[in-house]
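The values are calculated or read from the model by the stated rules, or taken from the named source; none is laboratory data. For clarity, every value in this text was computed on a predicted model and none was experimentally measured. Quick reminder, even Gly has a Cβ in these numbers, built from the backbone with ideal geometry, and neighbours come from all protein chains shown.
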């Protein structure tokens, strides 16, 4: 019974998250340009619409990132790993290959929403961090903006 509840919740969360992963580009307008002085801080998903499920990240000064999947009543760890951003220019586009924190891998494996990956590619451009999110065999792109 408990396993079927987890499967149902995971399916509902993935459908809600994926359904909200639309583009925010308004026809006739170019994407916004943002100038940041640092990537360190809290980030929120910008393409989750109003599904009730979204991602939030914390980029830390020690070159790590933690991402949580949030719903109205709960949250869970999605990713914890390296994020070497201290030497990056926030005015330039770049990618970062994040390696999962070895101490956090067990926690991520046990979390219903945790990533099973050992590494993850993050892209940064125009004030947004993006990455691929896969659940129940469906992949979407999550976009985050700094709070």
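Of all the criteria given as (1) touching a helix residue (DSSP H, G or I) at 6+ places or on another chain (Cβ under 6 Å); (2) surrounded by 15 or more Cβ atoms within 10 Å (Cβ to Cβ), the one not satisfied by residue 138 is (2). Checked against the criterion of being part of a helix (DSSP H, G or I) and surrounded by 15 or more Cβ atoms within 10 Å (Cβ to Cβ), region 99-108 has at least one qualifying residue. Can you name every residue in region 118-136 that is more than 22 Å from residue 41 (Cα to Cα), within 16 Å of the chain's Cα centre (by Cα) and not in a strand (DSSP E or B)? Of everything in region 118-136, just one residue is more than 22 Å from residue 41 (Cα to Cα), within 16 Å of the chain's Cα centre (by Cα) and not in a strand (DSSP E or B), namely 118.
For region 83-98, what are the residues that are within 18 Å of residue 133 (Cα to Cα) and in a strand (DSSP E or B)?
95, 96, 97, 98
Restricting attention to region 41-55, the residues that are in contact (Cβ under 8 Å) with a residue 60 or more places away in the chain and either under 9 Å from the mean Cα position of the chain (by Cα) or part of a strand (DSSP E or B) (or both) total 6.
Consider residue 115 against the criteria (1) within 18 Å of residue 38 (Cα to Cα); (2) touching a strand residue (DSSP E or B) at 6+ places or on another chain (Cβ under 8 Å); (3) part of a loop (DSSP other than H, G, I, E, B): it satisfies all of them except one. Which criterion is unmet? It is condition (1) that residue 115 fails.
For region 108-115, check the following and say yes or no: at least one residue is in contact (Cβ under 8 Å) with a residue 60 or more places away in the chain and within 14 Å of the chain's Cα centre (by Cα). Looking for residues that are in contact (Cβ under 8 Å) with a residue 60 or more places away in the chain and within 14 Å of the chain's Cα centre (by Cα), one finds at least one in region 108-115, hence yes.
The residue list 83, 94 contains one member that is within 24 Å of residue 37 (Cβ to Cβ), surrounded by fewer than 16 Cβ atoms within 10 Å (Cβ to Cβ), touching a strand residue (DSSP E or B) at 6+ places or on another chain (Cβ under 7 Å) and free of Cβ contacts under 8 Å to residues at least 60 places away in the same chain, which is 94. Give me the residue from region 48-64 that is modelled with pLDDT of 90 or more and farther than 13 Å from residue 146 by Cα and, out of that set, surrounded by the fewest Cβ atoms within 10 Å (Cβ to Cβ). Once the filter is applied, the top-ranked residue is 62.
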